[in-house]
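J.: Supplied in structure tokens, the structure appears directly below.
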Amino acid sequence: MYRLVYPGSFDPPTLGHLDIMARALRLCDELRVAVLTSGSKQARFSLDQRIDMLKLAVEDLDSAGRIVIEGFSGLLVDYVQACGAQAVVRGVRNTQDFYYENNMAEINRHLSAQHETILLSAKPELAFISSTFIKELDRLGQDYQAWLPVSSYSYTKEAFQHRPVV
Ligand code: PNS
């Protein structure tokens, strides 16, 4: 089985993430969406909330159950090794992303030479969307519905209302 890992914070998942998942799914038998449980950044949404949002978002994408969504902590390469995946997939929106992703791929190659990183370029119409901007728009009382998966927008709205604004 050819398995890819798509790791990220997904705080919250956006249409950009969903597009990368749809395209990555065409390249593998199983896509593991690995949600970082706690990183250097403080997540706005809990791990359970982020996993719920992702599960709702991929419902239409994956009738065959080829997407597995779960949390991970520690080194990404350890997770990739443990779940028997061949490669990591990440989306790249712009040159800034490219430098970051290229460095991360290089570090991961040093940690585990047998796992490749596949970089998928974001569609231009989705390339400006980021979870960070969604959170900023919400903080400033602006709408962001157009950039979230339809199925998770209401969940996100609800969850934002019940969390303190930081
Ligand atoms: O969505 P993000 O926040 O850009 O995702 C970043 C992520 C989760 C892919 C990255 O931070 C990660 O892999 N973290 C796990 C720790 C690790 O293995 N880091 C790379 C070597 S320093």
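The values are calculated or read from the model by the stated rules, or taken from the named source; none is laboratory data. Model, not experiment: these values are computed from the prediction. Note that we place each Cβ from the backbone using ideal geometry, even for glycine, and neighbour counts take in every protein chain shown. These area figures cover heavy atoms from the full protein model, side chains too; ligands, DNA and RNA do not enter into them. Shrake-Rupley method; radii C 1.70, N 1.55, O 1.52, S 1.80 Å.
J.: Near the amide H of I69, under 5 Å away, which other amide H atoms are found, from residues 5 or more places off or on another chain, if H is placed in the peptide plane?
T.: Those qualifying (amide H under 5 Å, at least 5 residues apart or on another chain) are V33.
J.: Which value in nm describes the separation of the simple spin-label points at Q142 and R66, placed 7 Å from the Cα toward the beta carbon?
T.: 3.7
J.: May I ask you to order 144-150, 44-50 by the average number of other C-beta atoms within 10 Å around their residues, highest value first?
T.: Put in order of decreasing packing, that is 44-50, 144-150.
J.: Could you give me the ³J(HN,Hα) list for segment 75-91, computed from phi with Karplus coefficients 6.51, -1.76, 1.60 and θ = phi - 60°, whole Hz, x at Gly and Pro?
T.: 6, 4, 4, 5, 5, 4, 4, 5, 8, x, 8, 8, 7, 9, 10, 9, x
J.: Related question: With a ≥ b ≥ c taken as the square roots of the eigenvalues of the C-alpha gyration tensor of segment 1-87, please select rounded if a/c is under 1.5 and otherwise prolate if a/b is larger than b/c or oblate if it is not?
T.: Note, shape of segment 1-87 comes out oblate.
J.: Continuing with the same structure: Percent relative contact order of segment 81-134, based on C-alpha pairs within less than 8 angstrom and at least six residues apart?
T.: 47
J.: A follow-up question, please. Please give the per residue accessible area of segment 38-166, computed with a probe of 1.4 Å over protein heavy atoms only, in Å².
T.: 62
J.: Here's a follow-up. Step by step: find N for segment 14-159, compute 2.2 N^0.38 Å, then divide the Cα radius of gyration by it. What's the final number?
T.: Working it through for segment 14-159, the quotient is 1.05.
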